Amino acid sequence: MKKYFSPLLFITCCCSAQKLTKYVDPFLGTGGHGHTYPGATVPFGMVQLSPDNGTEGWDWCSGYHYSSDSIAGFSHTHLSGTGIGDWCDISVLPLTDTSLIHQEKIKISFKHSNEKASPGFYSVQLGNGVQCSFTATERTGYHQYDFKNNKAFLQFDMGFRINWDNSTEGMLQLVNDSTLLGYRYSTGWAKNQRVYFAAKFSSPVVSKTFLNSNKNNIGQDTGRLVKTVLQFNLNRKPLFIKVGISSVSPEKALLAINEIGNKPFNQVAKEAELLWEKELNKINIKTFIEDDKVRFYTALYRTCLAPVIHSDADGTYRNHQNNIVKIKHKNHYTIFSLWDTFRALNPLFTFTQTDRLADLMNSMLQLKKDNGLLPVWDISTWEANTMTGYHAIPVLADAILKDVKGFDVNEAYEAMLLSANQKQRGTQDYIRFGYLPQDKEGWSVTVTLEYAYDDWCIAQVAKKLGKQNDYNRFMKRAMSYKNLFDKNTGFMRAKDSTGKFIEPFDPLLSEHGFDGQYVEGTAWQHSFFVPHDVSGLATLYGGKEKLIKKLDDLFSASSELHGENASADISGLIGQYAHGNEPSHHIIYMYTALGQPQKAAEKIKLVTDSLYKLGPDGLSGNDDCGQMSAWLVWTMIGMYPMNPASGEYVFGYPLLKEAIIQLPDNKSLLIKVNKIQKRGEAARIYKITLNGKSIPVLSISHKEMLKGGALVMDVYE
């Protein structure tokens with residue numbers, strides 16, 4: 001090991017001197033169907049201070065889309081890359097006159113040439129002449145407005161909404177000439193959501209106007225759509241605002257402003273940037289192509305935007321039942337998009353977020369206490385029950401199997417069993433029949449395949465804990481995928497409760513709705529989801545070569561979709577491989593598992609070249625809280641967690657010259673790539689050495705990587 005230490009330390013020091021935030025483009029993915037936002041936040045921060053166009057529709061799920069040319073406010077909570085729109089709480093808009101304040105939304109024009117964004121910072125000059133700049137701490141947004149000698153007004157709108165969200169009650173109270181308190185209650189994707197805020201102004205309010213107010217007699221203005229317009233006399237000075245938020249109370253939001261204290265705006269922006277530098281320096285890279293630094297570090301940045309902190313600094317938060325909960329761990333998190341993130345993002349966290357892992361696991365266990373079951377898709381502690389599977393299980397299983405400390409393993413195991421035997425989501429019929437019949441519940445094929453995988457995860461934990469009977473039971477359930485395989489078509493197909501396949505069958509049919517057989521996809525995309533038993537799947541096909549042929553057919557099939565209501569989520573198509581949605585993400589790596597690394601290399605180069613580009617339209621589908629980005633991070637370093645809870649990373653084809661991954665205990669792993677051209681040889685990894693010892697070109701274990709040292713990949717170009 002010593003012979004690797006000195007050069008590795010030297011490379012780490014050299015790479016750390018680079019400013020990595022300059023390679024992050026927050027606008028990447030804000031166009032197309034990426035659904036990302038460009039605003040200011042810190043890693044996993046409660047505040048995401050970002051512009052809202054005021055436009056509704058699927059491509060405005062984050063509040064912002066690059067195609068827009070107007071801004072209707074800057075709100076403090078946003079979802080990154082999701083397929084459903086919500087949040088956008090506590091909207092603030094600078095005005096130079098009050099002529100339009102009675103409109104539901106005031107949209108002010110802007111040009112992208114007057115926009116700037118970098119990690120922890122966003123600015124734009126609006127068409128009314130106001131220069132707006134923003135930064136953030138974990139729980140506070142920091143605003144700077146330069147009104148350029150114009151009259152200065154600020155609108156705080158508790159009724160601002162887009163898409164699925166609706167305000168149910170708002171409150172505003174100007175407690176003195178420099179402090180505004182309030183809250184916004186709402187319902188939408190998140191039910192009974194409550195966001196409290198406190199705003200401190202650098203200049204005194206000289207006049208105020210309240211609209212849509214019930215004008216009660218306790219010094220507060222309340223109403224479902226209440227808003228206020230405040231006037232300031234700035235004398236050519238900029239106006240600074242500190243806005244703290246809380247899920248508990250305005251008083252707690254006021255305390256959150258202590259994160260900023262008396263620090264000037266530029267210092268807070270610099271500190272936010274330094275937090276991002278720390279995150280990005282967890283993986284230092286050298287590239288063959290300069291643009292790959294932008295692709296990689298923007299992706300790594302996006303892996304740190306969810307889940308987000310939901311608790312106050314004292315460890316309290318308010319859940320959707322309106323109960324105030326006090327946690328023992330440091331931070332409670334929300335936004336668990338588990339159908340997406342269990343595949344690549346959460347396994348990445350076991351390297352990049354080792355200090356947060358216990359809090360993330362404890363947050364899921366706390367959500368089980370709040371809601372009765374482990375989360376499926378948690379938003380503001382509300383169980384949205386969005387998508388299929390019970391995928392908190394592979395995340396917890398991965399942590400348990402990797403010996404992550406700081407949470408109760410037995411409590412987690414009992415919670416896993418509870419989810420696996422729940423009385424909803426088709427689980428009881430899945431257990432009874434050995435598959436979910438389509439006449440019992442929709443999305444039956446996807447549900448069966450994903451439950452089978454989750455059950456495999458439970459079995460591995462049971463084995464580790466010495467629970468042999470549970471291991472046997474859940475390994476049997478893990479083989480349920482076999483019950484839906486149709487050897488005549490080579491697809492996983494829906495059956496009814498009598499055991500008959502549903503007819504007619506069309507592998508190109510997409511049914512976007514709860515009655516479909518496959519969620520957000522076709523038979524082509526879902527039939528390969530058996531990451532825990534690739535060899536068993538190959539046996540169903542009649543051997544590895546026949547499964548490889550089916551994978552080849554996936555990429556060469558027609559990209560046509562049939563059906564009157566085909567899912568918009570099926571995007572980034574190469575044949576019927578749909579990289580813009582999660583069910584396809586592990587498929588390429590099955591080639592390596594089946595002994596064909598050259599085919600994995602071919603498809604990786606095709607996907608990364610054509611479906612991960614620079615600019616607003618750079619993503620081929622929803623980023624889904626960082627899953628699309630996590631796939632790229634893994635892939636560029638040359639491997640992927642094909643089976644996310646196995647602790648094994650299957651090799652693909654590296655796109656970097658070097659990568660240094662910072663590991664616990666002050667260790668590092670250097671991944672070095674040597675490329676050669678050889679006539680007649682297909683592009684692939686042909687040799688791998690770990691600390692000087694040759695290892696198979698198949699996979700590497702988590703434990704081996706944690707030892708650190710040097711992993712050298714020799715590849716054919």
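Below are the figures for this structure:
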{"quantity": "Filter pass, residue 665 being closer than 30 Å to residue 278 by Cβ, charged (D, E, K, R) and surrounded by 24 or more Cβ atoms within 10 Å (Cβ to Cβ)", "calculated": "no"}
{"quantity": "Some residue of the range 417-438 being at pLDDT 95 or above, surrounded by 22 or more Cβ atoms within 10 Å (Cβ to Cβ) and among the β-branched types (Val, Ile, Thr)", "calculated": "no"}
{"quantity": "Sole residue being in the same structural domain as residue 260 (by TED's automatic domain parsing), farther than 26 Å from residue 246 by Cα, touching a strand residue (DSSP E or B) at 6+ places or on another chain (Cβ under 8 Å) and among the aromatic types (Phe, Trp, Tyr), chosen from 44, 74, 121, 110", "calculated": "110"}
{"quantity": "Residues (under 20 Å from residue 249 (Cβ atoms) and either over 26 Å from the mean Cα position of the chain (by Cα) or at pLDDT below 95 (or both)) located in the range 171-189", "calculated": "171, 172, 173, 174, 175, 176, 178, 179, 180, 181, 182, 183"}
{"quantity": "The range 291-335, residues that are surrounded by fewer than 19 Cβ atoms within 10 Å (Cβ to Cβ) and closer than 23 Å to residue 623 by Cα", "calculated": "291, 293"}
{"quantity": "Enumerated strands (runs of 3 or more DSSP E) restricted to the range 22-113, each holding at least 1 residues that are at pLDDT 95 or above and hydrophobic (A, V, I, L, M, F, W, C)", "calculated": "73-75, 91-95"}
{"quantity": "Positions within the range 580-619 being of a type outside the set (D, E, K, R) and under 30 Å from residue 68 (Cα atoms), in sequence order", "calculated": "580, 581, 607, 608, 610, 611, 612, 614, 615, 616, 618, 619"}
{"quantity": "1 or more residues without any contact (Cβ under 8 Å) to a residue 12 or more places away in the chain and surrounded by fewer than 23 Cβ atoms within 10 Å (Cβ to Cβ): qualifying strands (runs of 3 or more DSSP E) within the range 127-223", "calculated": "166-176"}
{"quantity": "All positions within the range 422-461 that are farther than 30 Å from residue 512 by Cβ and of a type outside the set (A, V, I, L, M)", "calculated": "460"}
{"quantity": "Unique residue being buried (at least 20 other Cβ atoms within 10 Å of the Cβ), in a strand (DSSP E or B) and more than 21 Å from the chain's Cα centre (by Cα) when the list is 604, 660", "calculated": "660"}
{"quantity": "Scan of the range 525-545 for residues that are more than 19 Å from residue 585 (Cβ to Cβ), part of a helix (DSSP H, G or I) and either in contact (Cβ under 8 Å) with a residue 12 or more places away in the chain or not charged (D, E, K, R) (or both), ordered by number", "calculated": "535, 536, 538, 539, 540, 541, 544"}
{"quantity": "Yes/no for residue 298 being closer than 30 Å to residue 627 by Cβ and either among the charged types (D, E, K, R) or at pLDDT 95 or above (or both)", "calculated": "yes"}
{"quantity": "Residue 503 free of Cβ contacts under 8 Å to residues at least 12 places away in the same chain, among the charged types (D, E, K, R) and in a loop (DSSP other than H, G, I, E, B)", "calculated": "yes"}
{"quantity": "Scope the range 475-488; condition assigned to a helix (DSSP H, G or I) and touching a Leu at 6+ places or on another chain (Cβ under 9 Å); matching residues", "calculated": "480, 481, 482, 484"}
{"quantity": "Residue ranges of strands (runs of 3 or more DSSP E) in the range 664-717 with at least 2 members over 23 Å from residue 347 (Cα atoms)", "calculated": "667-676, 684-690, 693-695, 709-716"}
{"quantity": "Among (1) of a type in the set (Phe, Trp, Tyr); (2) out of contact with any helix residue (DSSP H, G or I) (no Cβ under 6 Å at 6 or more places or on another chain); (3) surrounded by 20 or more Cβ atoms within 10 Å (Cβ to Cβ), the one test that residue 653 misses", "calculated": "(2)"}
{"quantity": "Matching entry among 67, 62, 50 (being under 17 Å from residue 28 (Cβ atoms), free of Cβ contacts under 8 Å to residues at least 40 places away in the same chain and crowded, with 24+ Cβ neighbours inside 10 Å)", "calculated": "62"}
{"quantity": "Positions within the range 380-404 being among the small types (Gly, Ala, Ser) and not in a loop (DSSP other than H, G, I, E, B), in sequence order", "calculated": "392, 397, 399"}
{"quantity": "Some residue of the range 507-521 being among the acidic types (Asp, Glu), more than 28 Å from residue 645 (Cα to Cα) and in contact with a Gly (Cβ under 8 Å, 6 or more places away or on another chain)", "calculated": "yes"}
{"quantity": "The listed residue being among the small types (Gly, Ala, Ser) and either surrounded by fewer than 24 Cβ atoms within 10 Å (Cβ to Cβ) or in a strand (DSSP E or B) (or both), out of 629, 646", "calculated": "646"}
{"quantity": "Selection status of residue 563, assigned by TED's automatic domain parsing to the domain that holds residue 699, touching a residue at least 24 places away in the same chain (Cβ under 8 Å) and over 30 Å from residue 681 (Cα atoms)", "calculated": "no"}
{"quantity": "Single residue of the range 414-450 satisfying the filter (of a type in the set (A, V, I, L, M, F, W, C) and more than 30 Å from the chain's Cα centre (by Cα)) that is farthest from residue 494 (Cα to Cα)", "calculated": "431"}
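The values are calculated or read from the model by the stated rules, or taken from the named source; none is laboratory data. The shown structure was predicted, so the numbers you read here are calculated from the model rather than taken from an experiment. Backbone-built Cβ (ideal geometry, glycine too); neighbour counts: all protein chains shown.
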